[in-house]
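Undergrad: Below: one structure in C-alpha cells.
Just so you know, all these numbers are worked out from the coordinates, no wet-lab data involved. Model, not experiment: these values are computed from the prediction. Glycine gets a Cβ as well: all are built from the backbone with ideal geometry, and neighbour counts include every protein chain shown.
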C-alpha cells in the first residue's frame, strides 16, 4: 500500500508528464537503525510509479565505505541526479516534499534559470557543499533548499545541495549549533566541518558569489 493519496499521485503524474525530460537516477541508502527507511522507500516507489519510468531507483545498504564518504552512518539518504548534485540526509516529508519534487524535476530538465553563472560554477577548482538544515514543519526551509538545488544543478555537480533533517540527524544540527531553521552551511572538498553562511533563506547572488570565492584555487 502506498503512502501518497490518489489525488497527490495524479498531481505528480501530471507535473512529471509536463516537466520531466531526461531520466533521473536516484540512489537510496537504507540501514538497519533507520525508523523512516521503509516509509521513504515506499514514497519513492509511489513517485516512480507515475514517472513513465523516468525515475531510476537503486536501493543500497549503507556500509562502512558509504559512511566514510557520506559522513553519516544511517539512512535514509537519497541522492538525485547524474552528477549526484542533490542529496537528502533524512526523509523529504512535510513542508520539504515540494522542494524534493522540484529537485527531481530540476535534475531532469535542467531549467535552473542560472545561465549567467553556469560557466563560473562549472569551472570551480574545489567541490562546494551547501548543507541546508531543515525541519518538516518549517515553511521557509523548502525555499532555501530549492535555491541550493538550482545552484547545484547549474554547476553539474561541482556544488552539492544536501538537505539535512534536523530531527533525524540531531548530531549534524548540534555540530553547527543550529537553533533556527533553515540554517545554511558551506563546506569545501568534502570537509564535514563547514561554516554557517546564513540563517534563513539565502540571497541567491550572495550565495553564489561566496561559493565561487570558496571554490576557486588561490
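Undergrad: Give the peptides 151-160, 81-90, 54-63 in descending order of average Cβ contacts within 10 Å, highest first.
TA: Output ranking for 151-160, 81-90, 54-63: 151-160, 81-90, 54-63.
Undergrad: Taking 1 over the mean of 1/r across every pair of different Cα atoms in segment 103-181, what Kirkwood radius in Å do you get?
TA: 13.4
Undergrad: Taking a quarter of the surface of the Cα convex hull of segment 1-128, what do you get in nm²?
TA: If I average the Cα hull's projected area over directions, I get 8.9 nm².
Undergrad: Now a separate question. For mean projected area of the Cα convex hull in nm², pick the label among (i) 25.7; (ii) 11.5; (iii) 10.7 that corresponds to the value derived from the coordinates.
TA: This structure yields the entry labelled (ii).
Undergrad: Given segment 6-214, what percent of its DSSP beta bridges are antiparallel, to the nearest 5?
TA: DSSP beta bridges in segment 6-214 are roughly 50 percent antiparallel.
Undergrad: Set the Förster radius R0 to 30 Å, insert the Cβ-Cβ distance between residue 116 and residue 171 as r into 1/(1 + (r/R0)^6), and round the FRET efficiency to 0.05.
TA: Efficiency, rounded to the nearest 0.05: 0.20.
Undergrad: Relative to 2.2 N^0.38 Å, what does the C-alpha radius of gyration of segment 130-218 come to as a ratio? Two decimals please.
TA: Relative to the 2.2 N^0.38 Å estimate, segment 130-218 comes out at 1.01.
Undergrad: Calculate the length of the line joining the C-alpha centroid of segment 117-149 to that of segment 1-61, in whole Å.
TA: With segment 117-149 and segment 1-61 each reduced to a Cα centre, they are spaced 21 Å.
Undergrad: Could you tell me the relative contact order of the chain? Use alpha-carbon pairs under 8 Å, at least six residues apart, and round to a whole percent.
TA: Once divided by the residue count of the chain, the mean separation gives 19 percent.
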